[in-house]
Amino acid sequence: MTWDWGYAWETLPQLLDGLGVTVLATLAGTAIALVLGLLFTVMRRSSARWISIPTEIFVEFIRSTPLLVQLFVLFFVLPEAGIQLSAFMTGVIGLGLHYATYTSEVYRSGIEGVPAGQWEAAKALNLPTRRVWTSVILPQAVPPSIPALGNYAIAMFKETPQLTVITVMELLSVARQLGAENYRYLEPVTIIGVLFLLLSLPTAWLVRRMERRLVPAPRPV
């Protein structure tokens with residue numbers, strides 16, 4: 001099969017529409033993952049075992065099951081329970097929930113990296129719990145965690161093709177549809193590979209730059 005530049009340019013606008021859906025799903029899923037991940041971390045550190053234990057079990061369950069299975073459950077099982085969501089919204093929630101369990105580990109690592117003296121000082125000052133988290137702990141724990149969180153955002157971007165199984169017309173879905181209609185897969189599949197690279201590589205470079213700036217170098221022993 002030879003490359004057809006005319007067909008490639010013809011399919012590009014539709015592929016860019018699919019790319020828009022992919023990017024939007026990634027951004028929305030990342031927002032959910034960042035917020036829920038932090039919530040999961042705080043709940044797992046709760047002194048109330050009826051909060052921490054179920055949260056721990058839920059996080060480990062999500063982390064131990066494939067994203068594809070979770071998408072099927074959200075898309076095909078929730079309507080049986082009377083919860084109707086669009087395919088796109090289901091995909092965003094699935095991505096966000098799945099990666100929230102991973103970002104929670106990143107947050108946990110950052111929080112545990114805060115010196116114990118900071119907790120003791122906040123307790124000595126009799127600060128309210130909310131003030132301790134918002135003014136003392138999180139400002140120190142989150143910045144060093146940003147590079148790792150960025151890596152998960154990139155991973156989520158590369159996972160979006162799985163949304164095709166729940167009929168979301170993201171980038172891969174559009175390429176498959178174009179290939180099936182015209183019996184040519186070389187051009188659309190190659191183009192989506194290039195588009196993924198054009199977005200993933202600069203983002204990965206930016207994350208590495210942030211890591212060098214935000215993550216302190218290890219001290220010599």
Worksheet, complete the sentence: Checked against the positive end of the charge dipole of the chain (+1 on Cβ of Lys and Arg, -1 on Cβ of Asp and Glu, about the Cα centre), the farthest of TYR185, VAL23, ALA155 is ALA155
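Using the Cα centre of the range 112-214 as the reference point, and only Cβ charges (+1 on K/R, -1 on D/E), how large is the resulting charge dipole? Debye, rounded to the nearest 20. Working shown, then result.
Values: 10 positive and 7 negative charges, 76 e Å.
It comes to approximately 360 debye.
Using only the Cα atoms of the range 98-221, build the gyration tensor, take square roots of its eigenvalues as a ≥ b ≥ c, and label the shape rounded, prolate or oblate: rounded if a/c is under 1.5, else prolate if a/b is larger than b/c, else oblate. Present the calculation step by step, with values, prior to reporting the outcome.
Values: a/c = 4.90, a/b = 2.51, b/c = 1.95.
Judged from the Cα gyration tensor, the range 98-221 comes out prolate (a/c at least 1.5, a/b above b/c).
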Worksheet item: In the chain, with Lys and Arg counted as +1 and Asp and Glu as -1 at Cβ, which of these residues, ALA122, TRP50, ALA87, has the Cα nearest the positive end of the dipole, that is, farthest along it?
Response: ALA122
Fill in: Dipole moment magnitude, nearest 20 debye, the chain about Cα centre, only Lys, Arg, Asp, Glu C-beta charged
1120 debye
Practice prompt. Take the solvent-accessible surface of the protein heavy atoms, probe 1.4 Å, and return the percent of it on the chain that carbon and sulfur atoms account for.
Written response: 66 percent
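Grab the DSSP H runs of the chain that are 4 residues or longer, score each as -39,500 (n - 2.57), total them, divide by all residues and round the 222 nm result to the nearest 500 deg cm²/dmol.
Numbers: 8 runs with 159 residues, N = 221.
It comes out at -24500 deg cm²/dmol, rounded to the nearest 500.
Quick check for you: with a 1.4 Å probe and neighbouring chains kept, what is the accessible area per residue of the chain, in Å²?
On the way: 12880 Å² over 221 residues.
Averaged over the residues of the chain, the accessible area is 58 Å².
The values are calculated or read from the model by the stated rules, or taken from the named source; none is laboratory data. Worth saying up front: this structure is predicted, and the values here are computed from it rather than measured. Every residue, glycine as well, gets a Cβ built from its backbone with ideal geometry; the counts of neighbours run over all protein chains shown. For the accessible areas, the whole protein counts, side chains as well, though only heavy atoms, and no ligand, DNA or RNA atoms are used. Shrake-Rupley method; radii C 1.70, N 1.55, O 1.52, S 1.80 Å.
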